[in-house]
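Here the structure comes first, spelled out in structure tokens, and everything after it is commentary.
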Amino acid sequence: MTTKETFEARIDALAPGIDIYKPAGTGPFPVVIQLHGCGGKKPPQARWATAARESGWAAVVIDSHKHRHISTLEAYSMVCTGLRLWGKERAGDLFAAIAWARRQPWADPDRIVAAGWSHGAWTILDGLALKPGDDAEEATGLTELPKEPLTGLVGAFLVYPFAGPGSLARTRGLRLDVNPLALVGTHDVIVGGRSLAKTLSNILTPGPAIEIEILERATHAFDEPGSRDFRTRYDAEITAYAEGLYRKYLQAVVERTATKVRQKA
């Protein structure tokens, strides 16, 4: 059973583990919230965050394991195997991170993107599938959630996302139109390659279907040097290409939301 916790308590618990990559100046900057995979926050997150910062975005890297006291061993043996912390529960971290970001003086509260890797992408998809109110509170274990916990979210960047059994988005579809882009490797035997692409393309959305970028030869965790999982292989060329897609996606969000920003000004 999920332990109950207030929304404000979750924000306070997450805050000490947040890494911020902010461009020079006072902002307000558009914000991308990065959610790591099941193994925990690793060095590649810094590289992705730097790419976002160089694109004019403030990157906020969340640690979902620290406040739960999940060790690396527990992460691989419990979270990665699905015995603990499913995407729908972790969606509470996404909700809390969005609220935290919206309170920062340097952040643009109306231009927030969520970026997730594997389990982090599962978290984002499930967060987009949950209905505000009792549904979201029961799934996340959080009480006193805001009426719309995804206020300000205008994009979702999904890297080798999990969308298998247990995925709410797979069966429910997405509740909000945030123009998701998913990167899928053809050689990903962990979450699936072209079969995953088919699953993602069938997820119902209130707007355009999830955009899918097929990465030929890419395995799971293609961006992680030194991975000890024999099913993964680091590829510097594919990683550089994927980071380019990240930059382009963030720039596209800026262009897509520019009219709204001008009207607000």
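The values are calculated or read from the model by the stated rules, or taken from the named source; none is laboratory data. Everything numeric here is computed off the predicted structure, so don't read it as measured data. Cβ sites come from the backbone with ideal geometry, for glycine too, and all protein chains shown count toward neighbours. For accessibility, only protein heavy atoms count, side chains too; no ligands or nucleic acids. Shrake-Rupley method; radii C 1.70, N 1.55, O 1.52, S 1.80 Å.
One table, with the values for the structure above:
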read-out: Residue check, ALA197 open to solvent by 10 Å² or more (accessible area, probe 1.4 Å) and either at pLDDT 95 or above or not in a loop (DSSP other than H, G, I, E, B) (or both); value: yes
read-out: Segment 14-34 - residue that is hydrophobic (A, V, I, L, M, F, W, C) and under 21 Å from GLY120 (Cα atoms) and, of those, nearest to the chain's Cα centre (by Cα); value: ILE33
read-out: Any hit, segment 242-249, residues being over 17 Å from GLY56 (Cβ atoms), of a type outside the set (Phe, Trp, Tyr) and modelled with pLDDT of 95 or more; value: yes
read-out: Test: residue in segment 19-37 that is open to solvent by 40 Å² or more (accessible area, probe 1.4 Å), closer than 20 Å to ALA221 by Cα and modelled with pLDDT of 95 or more; value: no
read-out: Selection count, segment 157-167, where residues are of a type in the set (Gly, Ala, Ser) and open to solvent by 20 Å² or more (accessible area, probe 1.4 Å); value: 1
read-out: Selection from segment 78-100 of residues that are open to solvent by less than 10 Å² (accessible area, probe 1.4 Å) and within 14 Å of the chain's Cα centre (by Cα); value: GLY87, ARG90, ALA91, GLY92, ASP93, LEU94, PHE95, ALA96, ALA97, ILE98
read-out: Pairs, first within 23 Å of VAL253 (Cα to Cα) in segment 140-162, second in a loop (DSSP other than H, G, I, E, B) and among the hydroxyl-bearing types (Ser, Thr, Tyr), C-beta under 6 Å, six or more apart; value: TYR160/SER118
read-out: Count - residues of segment 123-144 that are touching a Ser or Thr at 6+ places or on another chain (Cβ under 9 Å) and open to solvent by 20 Å² or more (accessible area, probe 1.4 Å); value: 4
read-out: Where ILE190 falls short, out of the listed (1) touching a strand residue (DSSP E or B) at 6+ places or on another chain (Cβ under 8 Å); (2) among the β-branched types (Val, Ile, Thr); (3) open to solvent by 50 Å² or more (accessible area, probe 1.4 Å); (4) closer than 24 Å to GLY40 by Cβ; value: (1)
read-out: Single residue of segment 234-253 satisfying the filter (of a type outside the set (D, E, K, R) and open to solvent by 40 Å² or more (accessible area, probe 1.4 Å)) that is nearest to TYR76 (Cα to Cα); value: TYR234
read-out: Test for SER195: is it of a type outside the set (Val, Ile, Thr) and over 17 Å from the mean Cα position of the chain (by Cα); value: yes
read-out: Condition met for GLU216 (touching a residue at least 12 places away in the same chain (Cβ under 8 Å), acidic (Asp, Glu), surrounded by fewer than 14 Cβ atoms within 10 Å (Cβ to Cβ) and over 30 Å from GLU8 (Cα atoms)); value: yes
read-out: Flag if ARG170 is touching a residue at least 12 places away in the same chain (Cβ under 8 Å), surrounded by 14 or more Cβ atoms within 10 Å (Cβ to Cβ), of a type in the set (Lys, Arg) and within 24 Å of ASP135 (Cα to Cα); value: yes
read-out: Residue in segment 219-233 that is open to solvent by less than 60 Å² (accessible area, probe 1.4 Å), free of Cβ contacts under 8 Å to residues at least 60 places away in the same chain, touching a Ser or Thr at 6+ places or on another chain (Cβ under 8 Å) and more than 28 Å from TYR76 (Cβ to Cβ) present; value: no
